[in-house]
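Each remark here refers to the structure printed beneath this line.
We did not get these values from a lab; they are worked out from the coordinates using the rules stated. Since we're looking at a predicted model, the values are computed, not measured. Neighbour counts run over all protein chains shown; Cβ positions are idealised from the backbone, glycine included.
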Amino acid sequence: MLYVISGLILPPGVEDMGRAYEENRQWFFSLLVIVILATFVQSFLLDGHLTFNADFSLKLLVASITALPIFLRQSAVQQAVALATLAWTVSYIFLLFNTLPRA
């Protein structure tokens, strides 16, 4: 799904990337929110229930922040969301791998 989404933000053969981004911005961020929400479906299918813990809360927060550029066109908002996404992704990966059982 992320591969398909990347085609919206970096379409091949486009000379004006800014215009292409603006034309696809709402679809791009909407699909990103759907990807995040799909992790709840994945958890439910794997575990048979949803666990309301820090991971659940973080995903809801991230989905909410990711949704902001759908409605707000300001460049500063979009840049802040990009930086926040980078920060939470790196943090999430770090925390995930530090909590895995040691072999």
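Need one word for region 52-103: rounded, prolate or oblate. Basis is the Cα gyration tensor (sqrt eigenvalues a ≥ b ≥ c); a/c below 1.5 gives rounded, then a/b vs b/c decides.
Oblate, because a/c is 1.5 or more while a/b does not exceed b/c.
Which value at 222 nm does the chain reach when only helices count, each DSSP H run of 4 or more adding -39,500 (n - 2.57), with the total divided by all residues and rounded to the nearest 500 deg cm²/dmol?
Per the formula, -27500 deg cm²/dmol.
What do you get for GluC sites (Glu not before Pro) in region 14-103 restricted to DSSP loop and a cutoff of at most 15 other Cβ within 10 Å of the site's Cβ?
Listed in order of number, the matching sites are GLU15.
From the backbone phi of region 15-20, what are the Karplus-calculated ³J(HN,Hα) couplings (6.51 cos²θ - 1.76 cosθ + 1.60, θ = phi - 60°) in whole Hz, Gly and Pro given as x?
Karplus values, whole Hz, x for Gly and Pro: 8, 9, 5, x, 5, 4.
Let me know the volume per residue of the alpha-carbon convex hull for the chain, in Å³.
Given the Cα convex hull of the chain, per-residue volume reads 126 Å³.
What ³J(HN,Hα) values, in whole Hz, does the Karplus curve 6.51 cos²θ - 1.76 cosθ + 1.60 give for region 78-88 when θ = phi - 60°, with x put for Gly and Pro?
Each residue of region 78-88 in turn: 5, 5, 5, 5, 4, 5, 4, 5, 4, 4, 6 Hz.
Estimate the FRET efficiency between LEU50 and SER30 by the formula 1/(1 + (r/R0)^6), using the beta-carbon distance for r and 25 Å for R0, to the nearest 0.05.
For LEU50 and SER30, the calculated efficiency is 0.65.
For labels at LEU58 and LEU95 in the simple 7 Å Cα→Cβ model, what's the distance in nm?
So the label points at LEU58 and LEU95 sit 0.3 nm apart.
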